[in-house]
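Enquirer: What follows is a single structure, and I will ask about it in a moment.
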Amino acid sequence: MNKPDNFKELLWNIFSSGLPRDYNLEPLRKILLLNFIILTGSFFLLLFGTIEFLLQDYILSAVNFSVFLLVLGLFLYLRKTRGHYFVSLIGSAITGFFFLFLVAYGGVGN
């Protein structure tokens, strides 16, 4: 296998939680979408948490990093169990509480 094929297989393994390509289409689609949302959200949580830390907004930074750790836990749980229904419910609840906190806190600089 050449390097592009190895990279494609690595991406497939990450986004599909290790499922084969011929897996049942509906759960595979949900798992792919959940992993894409989790990984994209994690990137921005880390980015904004770092920016807030540099701006010395330690409370908002700590909450961002805490939500990142919770979402990372969901990513690992999804990879281990393939329980996409549970991950989608808990992920939605975590995101909802995080957004409520952001509205109540006022964001960077209030």
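Any read-out appearing in this document is the output of simple, stated calculations on the displayed coordinates, not a laboratory observation. Keep in mind it's a predicted model, so treat the numbers as computed, not measured. Cβ atoms come from the backbone with ideal geometry, glycine included; neighbour counts cover every protein chain shown.
Enquirer: Subtracting the Cα-Cα distance from 0.36 nm times the residue separation, let me have the gained length for Lys80 to Gln56 in nm, one decimal.
Expert: So the chain would gain 5.0 nm between Lys80 and Gln56.
Enquirer: In addition: Quick check for me: using +1 on Lys/Arg Cβ and -1 on Asp/Glu Cβ, what's the dipole size of the range 14-110 about its Cα centre, in debye to the nearest 20?
Expert: Result for the range 14-110 is approximately 400 debye, rounded to the nearest 20.
Enquirer: Tell me, rounded to the nearest percent, the portion of alpha carbon pairs in the chain spaced more than 25 Å apart.
Expert: That tail contains 32 percent of the Cα-Cα pairs.
Enquirer: Students often check this: by mean Cβ neighbours within 10 Å, which of 96-105, 58-67 ranks highest, and how do the rest follow?
Expert: Going from most to least packed, we get 58-67, 96-105.
Enquirer: Mean Kyte-Doolittle hydropathy of 1.6 or higher plus an axial Cα length of 30 Å or more: which whole DSSP H helices in the chain meet both?
Expert: Those that pass (Cα extent of 30 Å or more, hydropathy at least 1.6) are 84-105.
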